[in-house]
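J.: Structure incoming, see below.
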Amino acid sequence: MKDKSTRNGAAAGHVVAAGPSESPSWNILKRCLLVDGIAVVVMVVLALIFTDSDGVLSVVFGSLLVMAFFGLSLLVGHIFSKRMPRAVISIFFMTYFVKVVGFAVVLFAVGTPDWLNKPWFLAGAVVCVLLWQATEVVIFSRQRFLLFDDSSDSSDAVKPKDASS
């Protein structure tokens, strides 16, 4: 079967070899924010239809809280993956600790304001967590990572012994 849009079925132009994805954490962060942002808009509209402004504020508060804490690790991963690639796992671990402690501090410090509509707050937070995690898994699974750095200096490599000696 030939591609009739090009001459003799050949691809037009130079075909470039696929390389690693540029800034995987940044790509994941952008997509997660987009998907969660759309979900927040839908939930805000639903909260306006079925409840009052307290429901809307609760959805926005729960959603933004989740998006801020989940986005923190991806943002830190993006920043430090370029500067200190060998330390990224340790930095992710520290960021996770900060997220858990920070999330607890925010919830305990804020308490339960009078305007908080608990079901809508919970719905906003849970929907954002589920969509964020699903989006993160899908986008991460599509990322390309460079496993072997062929462009590095091969002087460090072990050279095979000559069979004749």
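J.: Residues in the range 27-72 that are closer than 15 Å to W115 by Cα and surrounded by 15 or more Cβ atoms within 10 Å (Cβ to Cβ): how many?
T.: Of the range 27-72, the ones closer than 15 Å to W115 by Cα are 47-48, 51-62.
Checking which are surrounded by 15 or more Cβ atoms within 10 Å (Cβ to Cβ) leaves us with 47, 51, 54-62.
Qualifying residue count, the range 27-72: 11.
J.: Residue by residue through the range 97-119, note down the ones that are touching a residue at least 60 places away in the same chain (Cβ under 8 Å) and either aliphatic (A, V, I, L, M) or touching a Pro at 6+ places or on another chain (Cβ under 7 Å) (or both).
T.: If the condition is that a residue be touching a residue at least 60 places away in the same chain (Cβ under 8 Å) and either aliphatic (A, V, I, L, M) or touching a Pro at 6+ places or on another chain (Cβ under 7 Å) (or both), then L116 is the only one that fits.
J.: Looking only at the range 69-113, which residues are within 29 Å of Q143 (Cα to Cα) and among the β-branched types (V, I, T)?
T.: Once the filter is applied, which keeps residues that are within 29 Å of Q143 (Cα to Cα) and among the β-branched types (V, I, T), the range 69-113 yields V76, I79, V88, I89, I91, T95, V98, V100.
J.: Specify the residue that is nearest to the chain's Cα centre (by Cα); the eligible residues are those in the range 63-94 that are within 21 Å of D36 (Cα to Cα) and among the polar types (S, T, N, Q).
T.: So, considering only residues that are within 21 Å of D36 (Cα to Cα) and among the polar types (S, T, N, Q), the one nearest to the chain's Cα centre (by Cα) is S73.
J.: Something else now. Is there any pair linking a residue in the range 120-141 that is part of a helix (DSSP H, G or I) to one that is exposed (fewer than 13 other Cβ atoms within 10 Å of the Cβ), with Cβ under 8 Å and at least six apart or on different chains, and which?
T.: Short answer, once both residue conditions are applied: none.
J.: Another question about this same structure. Can you pull out every residue in the range 93-120 that is loosely packed, with under 10 Cβ neighbours inside 10 Å and of a type in the set (G, A, S)?
T.: Hits for the range 93-120 are A109, G111.
J.: Please state which one of L146, L130 is modelled with pLDDT of 85 or more, of a type outside the set (V, I, T) and on the phi < 0 side of the Ramachandran plot.
T.: Exactly one of L146, L130 is modelled with pLDDT of 85 or more, of a type outside the set (V, I, T) and on the phi < 0 side of the Ramachandran plot, namely L130.
J.: Kindly establish whether S81 is more than 20 Å from W26 (Cβ to Cβ) and assigned to a helix (DSSP H, G or I).
T.: Judged against the criteria, S81 is not a match.
J.: Which of (1) within 20 Å of I139 (Cα to Cα); (2) touching a helix residue (DSSP H, G or I) at 6+ places or on another chain (Cβ under 7 Å); (3) modelled with pLDDT of 85 or more is the odd one out, the single condition G37 does not satisfy?
T.: Going through the list (1) within 20 Å of I139 (Cα to Cα); (2) touching a helix residue (DSSP H, G or I) at 6+ places or on another chain (Cβ under 7 Å); (3) modelled with pLDDT of 85 or more, G37 breaks only (2).
Each row is one residue, and each column tells you yes or no for (1) modelled with pLDDT of 85 or more; (2) among the β-branched types (V, I, T).
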{"residue": "L65", "(1), (2)": "yes, no"}
{"residue": "H78", "(1), (2)": "no, no"}
{"residue": "V88", "(1), (2)": "no, yes"}
{"residue": "V100", "(1), (2)": "no, yes"}
{"residue": "P119", "(1), (2)": "yes, no"}
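The values are calculated or read from the model by the stated rules, or taken from the named source; none is laboratory data. Note that the coordinates shown come from a computational prediction; the quantities given were computed from them, not determined experimentally. A quick note on method: Cβ atoms are made from the backbone with ideal geometry, for glycine too, and the neighbour counts reach across all protein chains shown.
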